[in-house]
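Just so it is clear, none of the values below were taken in a lab; they were calculated from the coordinates. The structure displayed is predicted, hence computed values, not measured ones. Here Cβ is always computed from backbone atoms with ideal geometry, including for glycine, and neighbour counts include all displayed protein chains.
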Amino acid sequence: MSVPPEPRDLLGGLSRGLAVIEAFHARPGRASIAEIARATGMTRAAARRCLLTLVSLGYAEADGRGFALTPRVLRLGGAWLASATLPAQLQPQLDAVREATGESCSAAILDGGDVVYIARAAARRVASVALGVGSRLPAHCTALGRALLSAQPEPLVDRFVAQLAPAALTAHTRTTPAGIRDAIRAARERGYALVDEELEIGLRSVAVPVRDQRGRCVAAINIGARTARATDAVLRERLLPALLRAAAELRRTIPG
């Protein structure tokens, strides 16, 4: 929808319920009414009503220790996966990259300050970070995020950086606005993004944007590998070329 809807056309209860579900993302396990109220900015009474509604619908459960989401919430993400065509279009090329390199290959899109994995071809050798479809990682310190941002107009990148409160996940993580902008600009100039131990010590990742037939960036694909295997020579001669071939094939086949 190009024109924002009028406030009178919106359902406040639905937006509050979704905010409560999202609040659990930063709280593994159970959460109290007070914790959900603080996370969402609601009153305790409103948070309680939302939580009890989710319990009645089967999306949450409650005991004496607090509230927790149930597996039923997976239906929400599953509905998108079932209706979206992009993951299915990406998967054959992710599989091809994995077969060519022996490394895991993933695809992601931007969602606020995060990248969200929408497809993945996992190799047996994986990073200690457990990743799968639906996983979220910070965009500012991942190759996927920088590849996606490198395809965006400069004003959008400026707004993204201005809204960040980046955390240093390792001693190498770029956290200053200037450093993050420089990394995105370098990815734009090279045509690929490289992140070296900014997300996890010992992990190196390279990513490229994926464009449709009209040239619009619809996703990014990456390879993440241990630094011992992903040397500069291996990255230049084997990993990056495999990603670029996949991106070129996807641009030929994804409708605009």
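Results, tabulated for the structure shown:
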item	result
Protection-proxy order for peptides 46-58, 62-74, each taking the mean of Cβ atoms within 10 Å per residue, highest first	46-58, 62-74
Dimensionless Rg ratio for the stretch 84-253, taking C-alpha atoms and the 2.2 N^0.38 Å reference	0.94
Unit charges on C-beta of K, R, D, E only; dipole of the stretch 84-253, Debye	300
Mean projected area in nm² (Cα convex hull; one quarter of hull surface) for the stretch 7-72	4.6
The chain, helix-only ellipticity at 222 nm - DSSP H runs n ≥ 4, -39,500 (n - 2.57), divided by all residues, nearest 500	-12500 deg cm²/dmol
The chain: angle of helix 177-190 to the longest principal axis, Cα-based, in degrees nearest 10	50
Positive-end residue, the chain charge dipole about Cα centroid, Cβ charges, pick of 239, 163, 87	87
Model label zone, residue 226; criterion: amide N under 20 Å from point 7 Å along Cα-to-beta-carbon; scope the stretch 203-217	203-206
GNM top mover of 241, 209, 138 - the chain, alpha-carbon springs below 10 Å	241
Cα-based helix-to-principal-axis angle, 74-83 vs the chain, degrees rounded to 10	50
